[in-house]
Amino acid sequence: MKRLAATIVVCSIVLSACGTSKKASVPMQDQKPTLSVSVKVEGTQATMTVQTDLRISKENYGGARKVGEGHIHTYLDGGEKVSMDEIKKTYTDLVPGKHELKVSLHNNDHTPYDVTETVSFEIK
């Protein structure tokens, strides 16, 4: 009887392990980088900080694509694109009112990763 109980336990463990599934790994070139944007307002200025797992590359800016590497584009209030190779930028002398900042991640060659975030903030 003890032997039968032990056999059942062993079989249960083996069978439950068979049901374990592993996530299929996604090739790095198919993964999109993460993006989180925060804005801190002080007086008439706003400081944007970007958090991303994209490696921001000054040395390869404008060069060939390299997986997991690139730079940032920002658009304040629908204005002109500003390309950045830093994760922080301060906008100064902003007029009072509501503002919108769009941030997107791009490859070294400026093609988009299709990762974008828009944040709103207000200058009092």
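No lab work stands behind these numbers, since they all come straight from the coordinates. These figures come from a predicted structure and were not determined experimentally. Here the Cβ is made from the backbone with ideal geometry for all residues, glycine too, and neighbour counts use every protein chain on show.
At-a-glance table
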| quantity | calculated |
| --- | --- |
| Rough spin-label spacing in nm, given labels placed 7 Å along Cα→Cβ, for residue 53 and residue 118 | 2.6 |
| Cβ-based net charge around residue 34, under 11 Å, with every Lys or Arg adding one and every Asp or Glu removing one | -1 |
| Segment residue 31-residue 92, extension gain: residue separation times 0.36 nm, minus the distance between their alpha carbons | 18.5 nm |
| Total formal charge among the other residues, if their Cβ is under 13 angstrom from that of residue 98, Lys/Arg +1 and Asp/Glu -1 | -2 |
